[in-house]
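Have a look at the structure below, then the notes.
The values are calculated or read from the model by the stated rules, or taken from the named source; none is laboratory data. Here the structure is a predicted model, which is why all the values come from computation and not from measurement. Positions of Cβ are generated from backbone atoms using ideal geometry, with glycine treated the same way; all protein chains shown enter the neighbour counts. The accessibility values were calculated without ligands, DNA or RNA, using every heavy atom of the protein model including side chains. Shrake-Rupley method; radii C 1.70, N 1.55, O 1.52, S 1.80 Å.
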Amino acid sequence: MSISIENHRVDHRHFIGGERVDSPRSFLDISPIDESPLGEVAAADAAMVDRAVAAAQQAFPQWKNLTAEKRAGHLLRVAELIEGRIETLAQVETADNGSLLRSHRRGVMPRVAHNFRYFAEELMRLHHDDFITRDHVNKVSWEGSGVAGIITPWNAPLMLGSWRIAPALAAGCTVVFKPPEWAPLTASLLADVFAEANVPAGVFNVVQGIGSEAGAALAAHRGLRRMAFTGSVATARSIAVAAGQNLVPLSFELGGKSPFIVFADADLDRAVELAVGQYDNAGQVCLAGTRILVEQSIRAEFLENFVKRARTLRQGDPRDEAIDLGPQISRVHFDRVKGFVERAKESGLVCPLGGNPNQELGGLYFSPTLFLDPPASSEIWQSEVFGPVLTLSSFSSEAEAIALANDTDYGLAAVIITSDRSRAERVSQAIPAGIIWNNCFFVRDLRQPFGGNGLSGIGREGGHWSFDFYADLKCRVFAPDLA
Ligand code: NAD
């Protein structure tokens, strides 16, 4: 009844109403490290999704009406239990999605625990001042809205799941979570944590399964009151249509094609180091600055140093602490990335780095790749690859840098590297994206509003913005005799 990974046992079934539930159907989960099978995982159909939503509906009134202290207490217990099993979660996630074990151990899994801890604490801080209208008192409050459907991708499965699950539960919603079929296992371990933490049955449910079936059934379910989705634009479009039929409010965190702008006044070593860092997670990072824009006067030196530094990246088994870059998630995704690279090469673009699968390693390992000067009309300039593929273009003025940065339908993030504070101020003002990092990258704080513009998403989460989304806001007005 379970899958075994490095002596850790993972239940392959759904988790509904506090119990493990088997499915007549399953799908095969494959490790990207060596394409070996990890085991069969339950695959939900629409009836199973119905059952999970019903369990969440049943648990909702009691969960919503718990005091904030009690709800926060449950989430703090979940955080504590996660903290106690970081190593297990890290090993299972690495086997399942191929991201670096060292990142899971030291960054990602502690962050999963922090997601629960932070939103429990934020719930305790949630407050709106009363205000007076002609001696009438106005009281504003947040109330759990109902069942939240949560669907997330594989590039950081537990981290991205918990970033939605924690605030939804804190806000008083109950949750049906559909993890990604390419990396479903840590969601099952999270269900174990909820069971051990004695969170009331039905508050948190996991339905495993394929996106086009289990995911689509969840997105279209009439029992939802909120739908939070992280993933691709194409899937977001179909979820928007399905959830739109039920007028379910949406929070979408989607793809990116972010600019990484290096001005001539930048500290070159720092610029190169941060630029090479865009290959992190083998390029499977929504926030990555994949379009490097370099001021013409430093282009040659930047390019030479970048290629030299990128060649020192060590690619290989992500369980090895010395490795910087692992595999792509799946054969389908690997072929997609390869297709982008082959088409860019066929179009005649110069490729001074990579451009091929890693011949030595084989499997799903694709070498870090760089293309020079893609035309604005080209696929590689416009489309998100979601692999270790960057482009480099140059500009001659600040205005040209801004025009190139903004030549995209996405608006998730941007990176600006300069030693001029007023330039950082001007350029960051001129780029319409959710987050702009100046002389830094990936500084993430749960108090920040997070999300994207344009094709990069709908809405913002983080801090009180998460509560604004998952809760129904209520205003109660009391006449002077009741005030
Ligand atoms: P995807 O859209 O293919 O899948 C995401 C999830 O949606 C999976 O759980 C999948 O099972 C489910 N799904 C697939 N088809 C569905 C359908 N028809 N109805 C309902 N659910 C369905 O995306 P992916 O390839 O897993 O993830 C990569 C994408 O995610 C990239 O575009 C990346 O930029 C984006 N992403 C965004 C953020 C962010 O915070 N903005 C973070 C991580 C990843």
- Model label zone, Asp420; criterion: amide N under 17 Å from point 7 Å along Cα-to-beta-carbon; scope region 255-281: 261-268
- About its Cα centre, what dipole magnitude does the chain give when the only charges are +1 on Lys and Arg Cβ and -1 on Asp and Glu Cβ, stated in debye to the nearest 20? 860 debye
- Task: Starting from the amide H of Ile261, placed 1.01 Å from N in the peptide plane, find each other amide H under 5 Å away whose residue is 5 or more places distant or on another chain.
- Result: Leu293, Val415, Ile416, Ile417
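Compute the relative contact order of the chain as a whole-number percentage, counting only Cα pairs closer than 8 Å that sit 6 or more residues apart in sequence. Don't jump to the answer; show the numbers that get you there.
Working: 1090 pairs, mean separation 86.6, N = 483.
Relative CO of the chain lands at 18 percent.
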- Task: Taking 7 Å along the Cα-to-C-beta vector as the label spot, tell me the Ala240-Ser212 distance in nanometres, rounded to one decimal.
- Result: 2.2 nm
- Calculate, for Asn198 and Arg314, the FRET efficiency according to 1/(1 + (r/R0)^6) with r their C-beta to C-beta distance and R0 56 Å; round to the nearest 0.05. 0.80
- Query: Which lysines does Lys64 reach when only Cα atoms under 26 Å apart count, and residues fewer than 8 places away in its own chain are ignored?
  - Reply: Lys139, Lys178, Lys474
- Please name which of Pro388, Thr418, Asn305 has its Cα lying farthest along the dipole of region 259-438 towards the positive end, using unit charges on Cβ (Lys, Arg +1; Asp, Glu -1) and the Cα centre as origin. Pro388
- Note on the structure: As a percent rounded to 5, the proportion of antiparallel DSSP bridges among beta bridges in region 259-438 is 10 percent
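So with the 1.4 Å probe, I'd like the accessible area per residue for the chain, rounded to whole Å².
Ligands and nucleic acids excluded, the result is 39 Å² per residue.
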- Message: Just to confirm the filter: which GluC sites (Glu not before Pro) across region 16-56 are DSSP coil and have at most 14 other Cβ within 10 angstrom of their Cβ?
- Response: Glu35
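Hey, what's the per residue convex hull volume over the C-alpha atoms of the chain, in cubic angstrom? Show your work: numbers first, answer last.
On the way: hull volume 72.1 nm³, N = 483.
In the chain, the Cα convex hull volume per residue is 149 Å³.
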- Query: Near Gly434, within a Cβ-to-Cβ distance under 11 Å, what is the net charge of the other residues, with Lys and Arg +1 and Asp and Glu -1?
  - Reply: -1
- Query: How many nm is it between the label spots at Phe442 and Glu80, if each spot is 7 Å from the Cα in line with the beta carbon?
  - Reply: 3.1 nm
- Query: Gln62 to Ser396: extension gain in nm, 0.36 nm per residue of separation minus the Cα-Cα distance?
  - Reply: 114.1 nm
- Helix 68-83: angle to the longest alpha-carbon principal axis of the chain, degrees 0 to 90, nearest 10? 50 degrees
- Note on the structure: Residues meeting the amide H criterion for Asp472 (H placed from the backbone, H to H distance under 5 Å, 5 or more places apart or on another chain) are Glu143, Gly144, Ser145
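At a 1.4 Å probe radius, carbon and sulfur cover how many percent of the accessible area of region 26-69? Walk me through the numbers before you get to the answer.
Details: 1090 of 2120 Å².
Here it works out to 51 percent.
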- Query: When you count, for each residue, the other Cβ atoms within 10 Å and take the mean per peptide, how do 469-482, 204-217, 363-376 rank with the highest first?
  - Reply: 204-217, 363-376, 469-482
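With the radius of gyration and the Kirkwood radius both derived from the Cα set of region 90-172, what is their ratio Rg to Rh?
On the way: Rg = 18.1 Å, Rh = 15.1 Å.
On the Cα set of region 90-172, Rg over Rh gives 1.20.
In whole percent, what relative contact order does region 259-438 give with Cα contacts below 8 Å and a gap of six or more residues? Show your work: numbers first, answer last.
Details: 314 pairs, mean separation 49.9, N = 180.
The value is 28 percent.
Let's see if you can work this out: charge +1 on each Lys and Arg Cβ, -1 on each Asp and Glu Cβ, no other charges. What is the dipole magnitude of region 219-290 about its Cα centre, in debye to the nearest 20?
Details: 6 positive and 6 negative charges, 161 e Å.
Roughly 780 debye, rounded to the nearest 20.
Using 0.36 nm per residue, how much length does the chain from Glu346 to Glu143 gain when fully extended, once their Cα-Cα distance is taken away? Don't skip to the end; give the middle numbers.
Details: separation 203, 0.36 × 203 = 73.08 nm, distance 5.54 nm.
The span from Glu346 to Glu143 would gain 67.5 nm if fully extended.
How large a share of the accessible area of region 259-438, in percent, is made up of carbon and sulfur atoms when the probe is 1.4 Å and the other protein chains stay in place? List each step's numbers first, then the result.
Numbers: 3410 of 7050 Å².
It is 48 percent, rounded to a whole number.
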- Query: Tell me, in nm to one decimal, what length is gained between Glu6 and Arg106 on full extension, where the rule is 0.36 nm per residue of separation less the Cα-Cα distance?
  - Reply: 34.1 nm
